[in-house]
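The values are calculated or read from the model by the stated rules, or taken from the named source; none is laboratory data. Since we're looking at a predicted model, the values are computed, not measured. Here the Cβ positions follow ideal geometry from the backbone for every residue, glycine too, while neighbour counts run over all protein chains shown.
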Amino acid sequence: MNTSTLIAPPALVQRAEKQDTQAIQALDSAHFIHPFTDHGDLATRGARVITHADGIYVWDSEGNKILDGMSGLWCVNAGYGRKELADAAYQQLMTLPFYNSFFQTTNVPAVQLAAKLAALAPKVGDRSFNHVFFSSSGSESNDTNVRMARRYWDLLGQSQRKVIISRHNAYHGSTMAGASLGGMSGMHAQGDLPIPNITHIDQPYYFENARGGESKADFGLRAARWLEEKILEIGPEKVAAFIAEPVQGAGGVIIPPETYWPEIQRIVDQYGILLICDEVICAFGRLGHWFAYEKFGIKPDLVTFAKGVTSGYIPLGGVMVGNRVAEVLIDKGGEFNHGYTYSGHPVACAVGLANLNLMERENLPGRVRTETGPYLATQFEALKDHPLVGDAETCGFVAGLVLVKDKANKQMFDPDRAVGMICRGHCFRNGLIMRAVGDRMIIAPPLSMTVAQIDEMMGLIRRCLDATLADVR
Ligand code: PLP
């Protein structure tokens, strides 16, 4: 195949089911630097070329239909092929494709989306969310959080409060601040991270970190108190904020014990530090609520969002700014010297608005909370009977299971065997996208998934677990 046919017309390249895969892979490897990819591997094995999608399925260039258990990258909450989202983008592109929101200028979709988000964000205790700052991604939003938290304390005359505490194995993005806030050792090892004044405590991962015989409830309290110990070690007067995902996503779907968040709240309240909930994955129905802080009864001051706000159809992120910060930063702070060209991008906001309306009309968060989420939970619970599964748990529409060598003794496989990757390979070959984080296998399917489709997915998961077992025995 002549490679020029790959460049034009794009519609053919994107839609045709059968492609000259090798030619696309060669072009890809020659020109495209991918995120989180070993390019040596890419050159020898070639990238999987995804050509189109519909509902909960994607197709590759070889014509394989694959059930997307990861919603793209935790973002296609409404499922693929939603014409009304494409229509919203088209209409807005023809009306006003771009204008900036700097210097006392605004646009209608950005205003409408900000108001919609404020209406969807529930008040908890004395915290309300009436203000939104827009960016184009989760990473940019977390950078914004660092700047906002520091600006907040500056304005209150407490500039010494600079330290932000996060957790090991958290993921908060790939910019300098995002990767520093995150607790991924592989990322810190590249490029002198974290940047100054960002530090980490351990994650509340019961399966791995609990002491023998320790109850989940006790472990949750102990894990939360690592925050208090860290605050006291640093000096409370120097701590600006604590940031955490309500449920850790990229770290392997780490669901904290029920006692964890109330104790964290007690600690941040006691020391007066800001609480930032990173809900880039957890918001917009993923855990059965518009925002996950509601599920856990958390009272955050800043809430990061991205991904599901547009179901990933177009990049958009932002920060819900709670009243505590808003009253200082916005009402009294004068000009905040921060912003992105695409803050409040009219097309992204129009798609966001259409997506939230669609999700509201189809009651996707409610279905996850009362119907499909509980059904998925029962199915995952049943997986615990599988010889390879040491633990399996869900929270709304995220789920994880641990592959173990010996269930009775909770003994893990030697990491060098890369059993998670073996399992992931079986998933691909059997038409299922499931992610491996070490030997934790995780999913986050589209919220539009039906009960029958959950059954289909569970059948595939069991088949892949059986195939993995046959390989590792
Ligand atoms: N925060 C969390 C919790 C995430 O899961 C992610 C991405 O997966 C990010 C931040 C970064 O978002 P982005 O990739 O849009 O910059």
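In the list Ile330, Ile254, which residue meets the criterion of being crowded, with 24+ Cβ neighbours inside 10 Å and either touching a residue at least 40 places away in the same chain (Cβ under 8 Å) or more than 17 Å from the chain's Cα centre (by Cα) (or both)? Even if it seems obvious, please write down each step before you answer.
Details: Ile330 fails: crowded, with 24+ Cβ neighbours inside 10 Å.
So the residue among Ile330, Ile254 that is crowded, with 24+ Cβ neighbours inside 10 Å and either touching a residue at least 40 places away in the same chain (Cβ under 8 Å) or more than 17 Å from the chain's Cα centre (by Cα) (or both) is Ile254.
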Exercise. Any residue in segment 278-301 that's more than 8 Å from Pro246 (Cβ to Cβ) and of a type in the set (D, E, K, R): show its pairings with residues that are modelled with pLDDT under 95 and part of a loop (DSSP other than H, G, I, E, B) at Cβ separation under 9 Å, as long as the two are six or more apart or on different chains.
Key: Lys299/Gly125; Lys299/Asp126
Self-check item: Leading residue by the ranking (surrounded by the most Cβ atoms within 10 Å (Cβ to Cβ)) among those in segment 424-473 that are of a type in the set (Asp, Glu) and farther than 23 Å from Phe36 by Cβ
Solution: Glu456
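Kindly evaluate Ala326 against the criterion of being in a helix (DSSP H, G or I), within 16 Å of the ligand (Cβ to nearest atom) and either touching a Leu at 6+ places or on another chain (Cβ under 8 Å) or farther than 28 Å from Asp439 by Cα (or both). Steps first, please.
On the way: in a helix (DSSP H, G or I): yes; within 16 Å of the ligand (Cβ to nearest atom): no; either touching a Leu at 6+ places or on another chain (Cβ under 8 Å) or farther than 28 Å from Asp439 by Cα (or both): yes.
It is false that Ala326 is in a helix (DSSP H, G or I), within 16 Å of the ligand (Cβ to nearest atom) and either touching a Leu at 6+ places or on another chain (Cβ under 8 Å) or farther than 28 Å from Asp439 by Cα (or both).
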Quiz prompt | Residue match in segment 181-192 (condition: surrounded by 16 or more Cβ atoms within 10 Å (Cβ to Cβ), in a helix (DSSP H, G or I) and touching a Lys or Arg at 6+ places or on another chain (Cβ under 6 Å)) | solution = no
Quiz item: Which members of segment 118-130 meet the condition of being under 19 Å from Ile330 (Cα atoms) and touching a Gly at 6+ places or on another chain (Cβ under 8 Å)?
Solution: Arg127, Ser128, Phe129
Practice problem: Please verify whether segment 219-241 includes one or more residues that are assigned to a loop (DSSP other than H, G, I, E, B) and in contact with a Phe, Trp or Tyr (Cβ under 6 Å, 6 or more places away or on another chain). | Solution: no
Self-check item: Any pair with Cβ under 7 angstrom, 6 or more apart, that starts in segment 124-142 at a residue that is away from the ligand (no atom under 13 Å from the Cβ) and ends at one that is of a type in the set (Lys, Arg)
Solution: Val124/Lys299; Gly125/Lys299; Arg127/Lys299; Arg127/Arg324
Exercise. Inspect segment 96-112 for any residue being aliphatic (A, V, I, L, M), away from the ligand (no atom under 16 Å from the Cβ), farther than 30 Å from Ile461 by Cβ and in contact with a Phe, Trp or Tyr (Cβ under 9 Å, 6 or more places away or on another chain) and give the result as yes or no.
Key: yes
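Restricting to helices (runs of 4 or more DSSP H) lying wholly in segment 36-126: which have 2 or more residues that are more than 24 Å from the chain's Cα centre (by Cα)?
Numbers: elements: 39-45, 71-74, 83-95, 108-120.
Those helices (runs of 4 or more DSSP H) span 39-45, 83-95, 108-120.
Look through segment 246-258, keep the residues that are in contact with a Ser or Thr (Cβ under 9 Å, 6 or more places away or on another chain) and on the phi < 0 side of the Ramachandran plot, and return whichever of them is farthest from the ligand (Cβ to nearest atom).
Looking only at segment 246-258, we keep the residues that are in contact with a Ser or Thr (Cβ under 9 Å, 6 or more places away or on another chain), and these are 253, 255, 257.
Narrowing the set further to residues that are on the phi < 0 side of the Ramachandran plot leaves 255, 257.
Numbers: Ile255: 14, Pro257: 20 Å.
So, considering only residues that are in contact with a Ser or Thr (Cβ under 9 Å, 6 or more places away or on another chain) and on the phi < 0 side of the Ramachandran plot, the one farthest from the ligand (Cβ to nearest atom) is Pro257.
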Quiz item: Taking segment 159-171 on its own, how many of its residues are under 13 Å from Ala149 (Cβ atoms) and within 12 Å of the ligand (Cβ to nearest atom)?
Solution: 1
Quiz item: Checking Tyr57 against (1) touching a strand residue (DSSP E or B) at 6+ places or on another chain (Cβ under 7 Å); (2) over 23 Å from Phe305 (Cβ atoms); (3) touching a residue at least 24 places away in the same chain (Cβ under 8 Å), which single condition isn't satisfied?
Solution: (3)
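Go over the candidates Val319, Val347 one by one and state the one that is of a type in the set (Val, Ile, Thr), away from the ligand (no atom under 16 Å from the Cβ) and either assigned to a strand (DSSP E or B) or under 30 Å from Phe103 (Cα atoms) (or both). Before you say what the answer is, go through the steps one by one.
Working: Val319 fails: away from the ligand (no atom under 16 Å from the Cβ).
Step by step, each of Val319, Val347 is checked, and only Val347 is of a type in the set (Val, Ile, Thr), away from the ligand (no atom under 16 Å from the Cβ) and either assigned to a strand (DSSP E or B) or under 30 Å from Phe103 (Cα atoms) (or both).
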Practice problem: Answer yes or no: is there a residue in segment 233-242 that is within 15 Å of Pro204 (Cβ to Cβ) and crowded, with 23+ Cβ neighbours inside 10 Å. | Solution: yes
Exercise. Mind listing just one residue for me: the one in segment 273-305 that is closer than 30 Å to Ser159 by Cα, more than 13 Å from the ligand (Cβ to nearest atom) and of a type in the set (D, E, K, R) and, of those, surrounded by the most Cβ atoms within 10 Å (Cβ to Cβ)?
Key: Asp301
Quiz item: Looking at (1) in contact with a helix residue (DSSP H, G or I) (Cβ under 7 Å, 6 or more places away or on another chain); (2) at pLDDT below 95, can you tell me which one Asn355 breaks?
Solution: (2)
